[in-house]
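Below is one structure, written out as structure tokens; comments come after it.
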Amino acid sequence: MRRHFGFGRLQVFALLAALAIPAWGQTAPNETVEQAMQEGGAAMKSGDFPRAVASFTVVTHAQPAWAEGFLNLGLAEERAGQFEKARTDLEKSIRLKPALRGANLFLGTIAYRQNRLKEAERYLVRETQLDPSAAKAFMWLGVCRLAEDEPDAAIAPLDTAHQLDPTDVDTLYHRGRAYLLVANASYAKMFKLDPDSVRVHEVLGEADAAAFRTAEAITQFEIAVKTAPRQSGLHENLADQYWISGDLDKAAVAYRAELEIDPANTVARFKLGSLEVVHGMAAEGVPLLQQALREDPSLSDAHYYLGNGLLDMDRNEDAVKEFLAAIATDPGNDRAISSYYRLCQAYRKLHRADEARDALANYQRLKAQAQARQETRTAQIVRKRSELPVDIPEQIPE
């Protein structure tokens, strides 16, 4: 299904860029033309597009060889809904100056709006060739190809647009949609080839997990494990869902099965060690976490769980070091909140009252900020494979 969204911000930006061009053609501007340009620009900014059309018409009559004048007039006409006139004047701007930047872009967007998609694509390709730094032109080329039901072909221009302007929300949306459509097509083909394959159940489990449908995810991963009991990754995915559902015993069994299949799976080792600590088995969990950190020091959550295990074993000085390491990775995230809470407990055990008070103050400050942001659900959605669910500090035993 074709998607539409607003054009106004893009046109106004290009108009202002065109107005900034100083070249006036063969003759110097007179006072009437300068005034008309100023009035046209002001009218565009205020949204009075018919008045902008009238002003830029004065400019083109006075300067019939000035390509930029016809570009501005075409943009004003497009904004006023005069699409055929806009096409005519934009095309004239290109005839006057074939290398003019911006005109092909807007001819492309007009053609897109009128559902002339192949024509739109030709204009947009030409714009990207004239201006390889035009992020919007690459974005619209991708949008056009999405409308033509060619998501595979849309990815390359949308990736380029993203590289040129990583913070553009429109590009992020369309790029994400292109990748989603390609993924869905790939999965659909997989389902058609073998509707009961292990990969089908695996991807269904992943989709359920991403949507927080834990029970359904467990069912799919259990089927996948029965279908391919020695395939790496399946037991870990199943264990993750068991943990989320609160079935820690089954989670531990599944993590151990994963490590038996793939002894080099550092993330599974980290998760099993963390689970053992949560399960009150610090003596078993701490060595696993220490090994995981030796293998992959980037597992920042491992410092938090290792600190908890060391605290349970009354190795309080060592626990302090791990909590500080967990906080240092990202002092403002949710894990830092839990780490400050546990750090306060470690300092109390060491009778370091001032440091315990400071840790508690930091915990309270970060907790208040997190509640104000209300980003908990978003944080869970984007959680990486190596990040475990964040504890609720007040529910952690003293």
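The values are calculated or read from the model by the stated rules, or taken from the named source; none is laboratory data. In this text the structure is predicted, and so the values were computed from the model without any measurement. Virtual Cβ from ideal backbone geometry, glycine too; neighbours counted across all protein chains shown. Surface areas here come from the heavy atoms of the whole protein model, side chains and all, with no ligands, DNA or RNA. Shrake-Rupley method; radii C 1.70, N 1.55, O 1.52, S 1.80 Å.
Among [x] 36, 24, 20; [y] 59, 29, 15; [z] 47, 25, 22, find the value of semi-axes √(5λ) of the Cα gyration tensor in Å that was calculated from the structure presented, and write down its label.
Label of the calculated value: [y].
Give the accessible surface of the chain per residue, rounded to a whole number of Å², with probe radius 1.4 Å and ligands, DNA and RNA excluded.
So the chain comes to 50 Å² accessible per residue, rounded to a whole number.
Using a Cα-Cα cut-off of under 13 Å, which aspartates and glutamates could be cross-linked to residue 118, ignoring same-chain neighbours fewer than 8 residues away?
Filter leaves 148, 149, 150.
So, with a 1.4 angstrom probe, what is the percent of accessible area on the range 82-178 that is carbon and sulfur?
That share works out to 52 percent.
Suppose every Lys and Arg Cβ carries +1 and every Asp and Glu Cβ carries -1, with no other charges. What dipole size does the chain come out with about its Cα centre, to the nearest 20 debye?
So the magnitude is around 1160 debye.
Multiply the residue separation of residue 294 and residue 119 by 0.36 nm, subtract the distance between their alpha-carbon atoms, and state the gained length in nm to one decimal.
Answer, rounded to one decimal: 57.2 nm.
Leaving ligands, DNA and RNA out of it, report the carbon-plus-sulfur percent of the accessible area of the range 187-255 at a 1.4 Å probe.
Carbon plus sulfur share of accessible area: 57 percent.
Quick one: of 250/367; 45/92; 45/85; 271/321; 189/250; 189/226, which pairs are farther than 27 Å apart, Cα to Cα?
250/367; 189/250
Nearest 500 deg cm²/dmol is fine: what mean residue ellipticity at 222 nm does the chain get from its DSSP H runs of n ≥ 4 alone, each adding -39,500 (n - 2.57), divided by its residue count?
After summing the helix terms and dividing by residue count, I get -24000 deg cm²/dmol.
Just want to confirm a number: the relative contact order over the chain, from Cα pairs under 8 angstrom separated by 6+ residues, in percent.
6 percent
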